[in-house]
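Notes follow the structure.
Every number here is computed from the coordinates shown, using simple stated rules; none is lab data. What you are looking at is a predicted structure, and each value in this text was computed from that prediction instead of being measured. Here Cβ is always computed from backbone atoms with ideal geometry, including for glycine, and neighbour counts include all displayed protein chains.
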Amino acid sequence: MKKILTIINREYSTRVRKKSFLLMSIIGPILFAAMMIVPTWMSQMDDTEEKIIAVADSSHLFLNAFPETNYLKFEYLPDADLNKYKGEFNESPYYAVLYISQVITYSPNAVHLYSDKSPSLSVRMHISNAIEKKLERDKLKAYNIDENVLNAVKTSISIRSVKLTKSGEENENNFTLNMIIGYLVGFMIYFTIFFSGAQVMRGVIEEKTSRIIEIIISSVKPFQLMMGKILGVGLVSLTQFAIWGVLTMVLYTAVAPMIMPDVAQMGKEMQVENLLDAGSTLQPQQPINDKLESEVTMMLASVGNINFGVIIFSFLFFFFGGFFLYGAMFAAIGSAVDAEADTQQFMIPVTIPLVLSMVVMFQTVQNPESQMSFWFSIIPFTSPIVMMARIPFGVPIEEIFLSAFLLIITFILFTWLAGKVYRTGILMYGKKTSWKEMWKWIRYKN
Amino acid sequence: MNIIEAKSIHKQFANHKALKNVSIDVPEGKIFGLLGPNGAGKTTLIRIVNQITAPDIGELMFKGRALTPDDVLNIGYLPEERGLYKKMKVGEQAIYLARLKGLSRNDAVSKLKFWFEKFEIEPWWNKKVQELSKGMQQKVQFIVTILHEPELLIFDEPFSGFDPINTKLLKNEILTLKEKGTSIIFSTHNMGSVEEICDEIALINQSEKILDGKVEDIKAKFSSNSYECNYIGDYNKIQQVVESDFEIIKHIQNHNTHYLKVSLTDKQKDNALLAKMMNEVTISSFNQVVPTMDDIFIKVVNEDSVKEI
């Protein structure tokens with residue numbers, strides 16, 4: 001046991017001290033924060049440049065029909081001679097020329113936007129909305145329907161799902177938020193298994209090619225070395241997660257208020273209300289945020305209802321379970337080859353279930369209760385990723401236990417098999433290993 | 001007492017038999033040479049002693065009792081295929097390997113300091129292994145092997161990759177270790193070093209032990225009872241007096257100096273031959289032809305191979 005600790009210590013400290021680890025630790029959260037912040041920021045950036053769109057309207061229906069924003073202006077051209085405007089476009093001050101043909105009322109393809117740039121989606125949406133609205137209004141008039149009546153008939157529904165737990169508590173949860181969390185944790189496990197698995201494999205190949213292996217296994221059992229390596233690399237990933245988590249939070253709280261003052265403000269309000277609420281969890285949840293209707297605020301409102309304890313605990317379990325299972329396979333592959341270039345043929349059977357998990361996960365975050373999600377979250381090779389994607393939505397405890405139990409059994413079996421391959425493989429040089437050979441190694445007594 | 005006794009070891013790999021009924025006794029406090037051509041099974045036997053692999057049949061005794069997993073702490077092993085982590089610093093790496101052999105960090109550091117000073121390699125402590133030459137790395141490996149002061153040391157081709165100066169340094173260290181009471185298994189196919197340092201040997205060929213015993217006994221057994229003589233004088237005279245009683249195997253003349261090789265039967269005395277020759281010619285040298293270990297090795301291995309065919 002002491003020897004395993006010594007091995008873990010080496011595997012851990014040599015990796016943590018590497019420049020690449022430091023770089024990943026810093027760049028990781030910047031990337032994560034950027035993923036959250038930049039899209040919002042970009043959408044705001046887009047509108048700050050004033051654009052004038054010339055409207056050449058042959059149908060004569062749309063004079064002054066386009067609402068103007070701070071940055072988007074419309075100029076209605078006196079005549080609809082499109083060719084003339086197209087010809088003079090480069091000298092004109094216009095961002096784009098909007099051409100509406102006479103047949104607009106019955107042909108949806110009658111609108112063209114000419115520009116030397118690619119008009120953004122928001123600009124196009126703005127224009128098409130305005131046209132649709134105008135046409136709609138005109139058509140309603142033609143049918144003699146009052147617009148006010150129509151508005152009164154329109155109803156907007158947003159569903160807020162409330163989970164009924166067995167103990168009779170009600171937890172409001174937000175599907176979109178669960179989806180984001182499920183996707184995030186699933187992806188993190190996927191990424192780490194691949195990344196760290198490859199590190200384990202490379203570590204084994206390094207020991208083999210540098211020929212230090214025989215010196216080490218004259219002091220420790222090959223199995224101890226293999227487990228020490230897998231554990232050490234696993235802890236490195238865990239450290240990386242922790243650093244990322246903390247830095248992302250810091251960055252997000254520091255930068256977000258500057259860029260998205262409204263959202264951050266709402267978030268704070270919700271946090272306060274949730275804190276107040278937390279003291280009385282047994283009471284039915286009050287609809288605390290009737291006044292704030294947007295999806296974002298609803299999401300933030302249910303952040304407090306997510307059981308982070310369960311998510312973090314199961315993340316740790318499924319991460320280590322999955323990583324042990326795949327890490328052992330990666331170690332066995334590393335032991336069977338002389339160079340990383342030879343790993344291809346053995347990588348495929350390991351890669352397929354991982355990639356499959358990823359594909360299933362995309363479905364799972366949209367439909368966590370489906371048959372496919374259920375089975376793939378039980379089968380050990382895909383369960384670490386798929387089950388993690390399901391957990392934020394709430395999974396019956398017996399399903400989690402079944403999945404966890406099968407995962408433990410499988411990783412014990414595979415670690416044992418991998419240990420046998422590893423033990424023989426690390427001392428084999430120069431011969432190209434086949435599957436048949438590996439099977440023989442497994443059956444060797446010692 | 002024997003530090004290692006291997007009894008009737010068999011080891012089968014997928015397609016070939018690596019060891020067939022091999023038994024060896026390694027005496028305590030001696031240097032035991034494990035000899036044999038490439039691929040004979042030496043390394044397999046050593047790996048079995050180190051418990052890297054286990055024998056299919058046969059048992060191993062360590063100081064008279066069955067070998068246990070903890071005994072590896074009492075063995076130092078320098079494998080033939082040896083290397084170090086290239087990107088790790090020398091000192092740190094040496095401490096790591098020493099700790100795997102059960103030394104505490106402090107013990108490892110103080111012992112390493114001693115040996116690094118002795119070998120005059122302190123400046124390497126903070127260098128990465130990849131900055132060292134192969135010979136330098138070998139020195140570090142040697143230190144790491146003996147650092148925990150085990151009772152049994154196993155060297156597999158220890159001198160490969162060393163220049164003559166460092167070979168001598170290492171040889172002296174090995175002899176010093178033996179004087180301190182350490183038992184040593186020395187595996188090689190370099191016969192010159194065997195004669196210099198080994199007390200006993202075992203010769204393995206094609207997975208079987210074909211010869212073992214004390215070096216002087218083996219040499220005596222293989223000595224051919226023939227003599228070589230260099231003299232100045234007339235060959236015809238010699239021929240007349242010698243050929244009547246003895247068998248001349250070889251004669252070479254270079255100007256007026258002659259080389260003569262004579263074979264004696266068991267009953268004949270070398271002094272009788274010398275006495276006869278002394279009367280006729282001026283003798284400059286006279287000695288018994290003793291086979292080198294190299295000769296014995298080649299002879300035994302060839303005979304064994306012929307037998308196989």
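Averaged across B:78-89, how many Cβ atoms of other chains sit within 10 Å of each residue's Cβ atom?
Across the residues of B:78-89, the mean count of other-chain Cβ atoms within 10 Å is 5.
In vacuum, with every alpha carbon of the protein assembly as shown counted as one equal point scatterer, what does the Debye formula give for log10 I(q)/I(0) at q = 0.08 Å⁻¹? Two decimals, please.
Calculated log10 I(q)/I(0) at the listed q: -0.87.
Which distance in nm do the two modelled labels at B:Glu120 and B:Asp304 give, with both placed 7 Å along the Cα-to-Cβ direction?
Inter-label distance under the simple model: 4.1 nm.
Quick one: putting +1 on the C-beta of Lys and Arg, -1 on the C-beta of Asp and Glu, what dipole do you get for region B:225-288 around its Cα centre, in Debye to the nearest 20?
Result for region B:225-288 is approximately 60 debye, rounded to the nearest 20.
Peptides A:239-249, A:417-427: what's the order by average Cβ count within 10 Å, highest mean first?
A:417-427, A:239-249
How much net charge surrounds A:Glu132 when only the other residues with a Cβ under 13 Å from the Cβ of A:Glu132 are counted, with Lys and Arg +1 and Asp and Glu -1?
Surrounding charge for A:Glu132 is +3.
If packing is taken as the average number of other Cβ atoms within 10 Å across a peptide's residues, how do A:228-235, B:126-133, B:112-119 rank, most packed first?
Values: A:228-235: 23.5, B:126-133: 13.9, B:112-119: 15.8.
Output ranking for A:228-235, B:126-133, B:112-119: A:228-235, B:112-119, B:126-133.
What does the structure give for A:215-226 when I average, per residue, the other chain Cβ atoms found within 10 Å of the residue Cβ?
Details: counts 12, 4, 9, 16, 13, 3, 4, 1, 0, 1, 1, 0.
If you average over the peptide's residues, the count of other-chain Cβ atoms is 5.
Rounded, prolate or oblate: which fits region B:29-84 when a ≥ b ≥ c are the square roots of the eigenvalues of the alpha-carbon gyration tensor, with rounded for a/c under 1.5 and prolate only if a/b beats b/c? Spell out each step's value before the answer.
Working: a/c = 1.45, a/b = 1.29, b/c = 1.12.
In terms of gyration-tensor shape, rounded.
Starting from the 7 Å offset along Cα-to-Cβ, what nm value, one decimal, do you get for the label separation of B:His251 and B:Asp107?
Label at B:His251, label at B:Asp107, 7.0 nm between them.
Given +1 on the Cβ of Lys and Arg, -1 on the Cβ of Asp and Glu, and no further charges, what dipole in debye does region A:321-446 carry about its Cα centre, rounded to the nearest 20?
Value, rounded to 20: 660 debye.
Quick check: the angle from helix B:90-100's long axis to the longest principal axis of chain B, C-alpha only, nearest 10 degrees?
Its long axis makes an angle of about 90 degrees.
Beyond 14 Å, how much of the Cα-Cα pair distribution for region B:225-288 remains, as a whole percent?
50 percent
I need the shape label for region A:298-403. Rule: rounded when a/c is under 1.5, else prolate if a/b > b/c, else oblate, with a, b, c from the alpha carbon gyration tensor.
It is prolate, given that a/c is not under 1.5 and a/b is the larger ratio.
Checking the cross-link filter: which lysines have an alpha carbon closer than 16 Å to that of B:Lys171, excluding same-chain neighbours under 8 positions apart?
Partners found: B:Lys30, B:Lys118, B:Lys139, B:Lys180.
Computed over the Cα atoms of region A:380-437, what is the ratio Rg over Rh, Rh following Kirkwood?
Answer for region A:380-437: 1.23.
A:Ile409 versus B:Ser244, label points 7 Å from Cα toward the beta carbon: distance in nm?
Between A:Ile409 and B:Ser244, the label points sit 9.8 nm apart.
Within 10 Å of each Cβ in B:98-105, how many Cβ atoms from other chains are there, averaged over the peptide?
4
Can you figure out the FRET efficiency of B:Glu28 with B:Glu179, using R₀ = 22 Å and their beta-carbon distance, to the nearest 0.05?
According to the calculation, E is roughly 0.95.
Could you name the aspartates and glutamates whose alpha carbon sits less than 20 Å from that of A:Lys86, not counting residues in the same chain fewer than 8 places away?
Excluding near neighbours in sequence, the set is A:Asp57, A:Glu75, A:Asp116.
Counting only Cα, what are the radius of gyration and maximum Cα-Cα distance Dmax of region B:26-129, in Å?
Rg and Dmax of region B:26-129, Cα atoms, are 16.7, 48 Å.
Given a Förster distance of 35 Å, report the FRET efficiency between B:Lys7 and A:Met1 from their Cβ-Cβ distance, rounded to the nearest 0.05.
0.65
Can you check how the C-alpha radius of gyration of region B:118-250 compares to 2.2 N^0.38 Å, as a plain ratio?
With N residues counted in region B:118-250, Rg over 2.2 N^0.38 Å equals 1.60.
Under 15 Å between alpha carbons, and skipping anything fewer than 8 positions from B:Lys261 in its own chain: which aspartates and glutamates qualify?
Qualifying aspartates and glutamates at Cα under 15 Å: B:Glu228, B:Glu243, B:Asp245, B:Glu247, B:Asp270.
I'd like to know which of A:Gly203, B:Ala108, A:Ile385 lies farthest towards the positive end of the charge dipole of the protein assembly as shown, counting +1 on Cβ of Lys and Arg and -1 on Cβ of Asp and Glu.
So the residue we want is B:Ala108.
In angstroms, what radius of gyration and Dmax does region A:46-153 have, counting Cα atoms only?
14.9, 48
Mind checking which of B:Tyr259, B:Pro69, B:Val281 is farthest towards the positive end of chain B's charge dipole, using Cβ charges of +1 (Lys, Arg) and -1 (Asp, Glu) about the Cα centre?
Going by the charge dipole, the pick is B:Pro69.
Hey, can you rank B:93-100, B:225-232 by average C-beta count inside 10 Å, highest first?
Those peptides, ordered most packed to least, come out B:93-100, B:225-232.
Kirkwood Rh and Cα-based Rg: tell me the resulting Rg over Rh for chain B, rounded to two decimals.
1.10
Along the charge dipole of region A:77-124, Cβ charges K/R +1 and D/E -1, which of A:Leu77, A:Ser118, A:Leu98 sits furthest on the positive end?
The residue sitting most towards the positive pole is A:Ser118.
Treating only the Cβ of Lys, Arg, Asp and Glu as charged (+1, +1, -1, -1), what charge dipole size does the protein assembly as shown show about its Cα centre? Round to the nearest 20 debye.
1440 debye
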